[in-house]
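Structure first, then comments.
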Amino acid sequence: MINLIAAGSIFLNLLYNLILLTIGLSDLWLVFTTNTISIGVSFLVVTLNRRGRTEAAMVLAFFGALFNLGFAGYLLGLTTGVYLFLIGFPAVAILVTPPRATRLQLLSFGAGLAALLAIVLADPPTPASIAGTAFESFLFVVSIVGTVGWVSIMGMHFRHIAELAETALQQAHQESERLLHNILPVEIAHRLKSGEAVIADRVEEVSILFADLVGSTPLAERLSADQMVELLNEIFCPFDDLADELGIEKIKTVGDAYMVVGGLPVWRADHAEAVAEMALGMRQELLRHPVDGFGPLQMRFGIHTGSVVAGVIGKRKFSYDLWGDAVNTAARMESHGVPGEIQVTEDVYRRLKGTYRFHPRGRIDIKGKGPMETYFLQDHNGVPSD
């Protein structure tokens with residue numbers, strides 16, 4: 001905008017000086033001199049601005065324009081309308097100056113208003129050589145058009161800036177919403193934004209799935225860091241898509257372990273079925289990611305149904321997590337499981353045995369739980385087991 005103001009000043013002053021030279025009005029040499037000085041000042045403004053000295057360029061542009069408009073307006077009289085340019089000066093000064101430059105804004109506003117009032121109250125006469133001539137009318141028309149055009153261009157420019165800022169703000173808001181929803185369930189994010197300080201819910205019945213990649217340590221030794229991360233990303237991204245498709249909530253990944261829950265944050269009656277479908281889908285997805293010299297990848301899966309407490313913890317890098325005996329039991333089902341198998345507790349078996357096929361593993365000793373009857377989920381297309 002500083003460059004635009006300087007360019008407008010150069011154009012108008014060159015135009016006026018060419019006209020003065022053409023018609024040979026020798027009694028307006030002071031106007032010609034003022035215009036010439038202003039042209040030089042405008043070029044200096046552009047030079048300072050290009051060299052990064054924006055504040056200096058701004059101050060010079062304002063007071064150079066004020067000197068030019070005020071002195072020329074006084075010399076040419078009210079009937080030429082040159083003083084009209086001063087009407088837009090205070091508004092432009094406020095718009096262009098930095099928001100915190102209060103002193104510069106007040107000084108520019110006050111100086112422009114004072115110059116305008118001084119010329120109007122002084123009511124200087126129009127030079128006799130141009131009074132009643134076509135040149136006087138030309139100056140008056142150019143002054144009106146120039147003033148309206150100057151203020152309009154400034155208004156359009158700042159409206160454009162406002163629209164760009166609003167668009168950028170909307171995009172930033174959408175991105176922040178997307179990132180927030182990637183961290184927290186949508187329902188929990190809405191509760192946080194609505195002002196809930198503590199998010200904690202007790203749910204009597206959900207289904208939790210833990211899955212852990214088997215042989216990840218030797219696999220990490222075989223692959224480079226980039227290859228290992230890329231492989232895990234290729235596996236876990238389809239898992240995320242599957243969770244979205246089934247309407248269950250991914251809780252977290254810890255290294256090469258993956259945890260989801262069915263029935264939270266919005267409860268659903270078929271949470272066990274949805275989690276079973278998730279486990280079967282994950283096991284099938286692993287077949288699509290063989291590693292050369294390592295064979296098909298396998299995971300241990302563990303599922304349990306029970307009561308949990310769910311909530312958001314942390315002030316930074318916060319997370320939505322689950323606590324309770326049901327979580328520990330599901331984790332034990334995975335850690336005491338068999339590679340490639342989906343081990344479930346008797347609670348899960350009883351809920352799903354009518355529609356899924358199971359293979360009884362028998363009673364095994366679970367750390368912290370003692371002997372437990374467990375089953376391997378086979379698939380959902382077979383006949384019901386006995």
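The values are calculated or read from the model by the stated rules, or taken from the named source; none is laboratory data. Because the structure is predicted, anything quoted here is derived from the model rather than measured. Every residue, glycine as well, gets a Cβ built from its backbone with ideal geometry; the counts of neighbours run over all protein chains shown.
Quick check, is L264 farther than 13 Å from A211 by Cα and in contact with a strand residue (DSSP E or B) (Cβ under 7 Å, 6 or more places away or on another chain)? So L264 fits the description; yes. Selection within the range 129-181: residues that are of a type in the set (S, T, N, Q) and within 17 Å of the chain's Cα centre (by Cα). The member of this set that is nearest to L76 (Cα to Cα) is T167. Residue under question is V275, and the condition is that it be within 33 Å of the chain's Cα centre (by Cα) and β-branched (V, I, T); does it hold? So V275 does not fit the description; no.
Which of the residues that make up the range 90-128 are part of a loop (DSSP other than H, G, I, E, B), surrounded by fewer than 18 Cβ atoms within 10 Å (Cβ to Cβ) and under 47 Å from the mean Cα position of the chain (by Cα)? Hits for the range 90-128 are P98, P99, R100, A101. Of all residues in the range 258-279, those being assigned to a helix (DSSP H, G or I) and buried (at least 19 other Cβ atoms within 10 Å of the Cβ) number 7.
Of the listed requirements (1) on the phi > 0 side of the Ramachandran plot; (2) surrounded by 13 or more Cβ atoms within 10 Å (Cβ to Cβ); (3) not hydroxyl-bearing (S, T, Y), F358 misses just one: (1). Every condition in (1) at pLDDT 90 or above; (2) in contact with a strand residue (DSSP E or B) (Cβ under 7 Å, 6 or more places away or on another chain) is met by S319 except one, and the failing one is (1). May I ask you to verify whether Y74 is part of a helix (DSSP H, G or I), among the aromatic types (F, W, Y) and touching a Leu at 6+ places or on another chain (Cβ under 9 Å)? No; evaluated as a whole, the condition is false for this residue.
Return yes when I94 is in contact (Cβ under 8 Å) with a residue 24 or more places away in the chain and in the same structural domain as V148 (by TED's automatic domain parsing) and no when it is not.
Details: in contact (Cβ under 8 Å) with a residue 24 or more places away in the chain: no; in the same structural domain as V148 (by TED's automatic domain parsing): yes.
Considered against the rule, which asks whether it is in contact (Cβ under 8 Å) with a residue 24 or more places away in the chain and in the same structural domain as V148 (by TED's automatic domain parsing), I94 comes out as no.
Taking residues in the range 24-51 that are at pLDDT 90 or above, and partners anywhere that are among the hydroxyl-bearing types (S, T, Y) and loosely packed, with under 12 Cβ neighbours inside 10 Å, not one pair has Cβ atoms closer than 7 Å while being at least 6 places apart or on different chains. The single condition among (1) modelled with pLDDT under 90; (2) in contact with a Leu (Cβ under 8 Å, 6 or more places away or on another chain); (3) within 24 Å of K317 (Cα to Cα) that M259 does not meet is (1). Pairing residues of the range 285-296 that are in contact (Cβ under 8 Å) with a residue 60 or more places away in the chain with residues that are among the charged types (D, E, K, R), at Cβ distances under 7 Å and at least 6 apart in sequence or on separate chains, gives F294/R222.
Scanning the range 199-237 for residues that are outside any helix (DSSP H, G or I), surrounded by fewer than 12 Cβ atoms within 10 Å (Cβ to Cβ) and over 33 Å from the mean Cα position of the chain (by Cα) gives R202, E204, S224.
Could you list, in sequence order, the residues of the range 1-57 that are of a type in the set (K, R), part of a helix (DSSP H, G or I) and farther than 22 Å from M154 by Cβ? Full working, then the answer.
Step one: list which residues in the range 1-57 are of a type in the set (K, R), which gives 50-51, 53.
Right, trim to part of a helix (DSSP H, G or I) and you get 50.
Answer for the range 1-57, where residues must be of a type in the set (K, R), part of a helix (DSSP H, G or I) and farther than 22 Å from M154 by Cβ: there is none.
Given the condition surrounded by 13 or more Cβ atoms within 10 Å (Cβ to Cβ) and closer than 30 Å to T80 by Cα, answer yes or no: does some residue in the range 183-198 qualify? The answer is no; no qualifying residue exists. Where residues in the range 293-351 are of a type in the set (S, T, Y) and more than 43 Å from the chain's Cα centre (by Cα), which of them is surrounded by the fewest Cβ atoms within 10 Å (Cβ to Cβ)? Selected residue: Y349. Checked against the criterion of being over 30 Å from Y16 (Cα atoms) and touching a residue at least 40 places away in the same chain (Cβ under 8 Å), the candidates L106, L192, L139, L169 yield just one match: L192. Does M333 satisfy the criteria of being under 23 Å from F239 (Cβ atoms) and in contact with a Ser or Thr (Cβ under 8 Å, 6 or more places away or on another chain)? In short, yes. For first residues located in the range 310-333 and closer than 13 Å to K369 by Cα and assigned by TED's automatic domain parsing to the domain that holds W267, partners that are surrounded by fewer than 22 Cβ atoms within 10 Å (Cβ to Cβ) and polar (S, T, N, Q) and lie 6+ apart or on another chain with Cβ distances below 6 Å form the pairs A326/S307.
Residue-by-condition table, conditions (1) acidic (D, E); (2) in the same structural domain as P98 (by TED's automatic domain parsing); (3) touching a residue at least 60 places away in the same chain (Cβ under 8 Å); (4) closer than 30 Å to P296 by Cα:
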| residue | (1), (2), (3), (4) |
| --- | --- |
| H160 | no, yes, no, no |
| E163 | yes, yes, no, no |
| L180 | no, no, no, no |
| P185 | no, no, yes, no |
| I199 | no, no, yes, no |
| E204 | yes, no, yes, no |
| F210 | no, no, yes, yes |
| G215 | no, no, yes, yes |
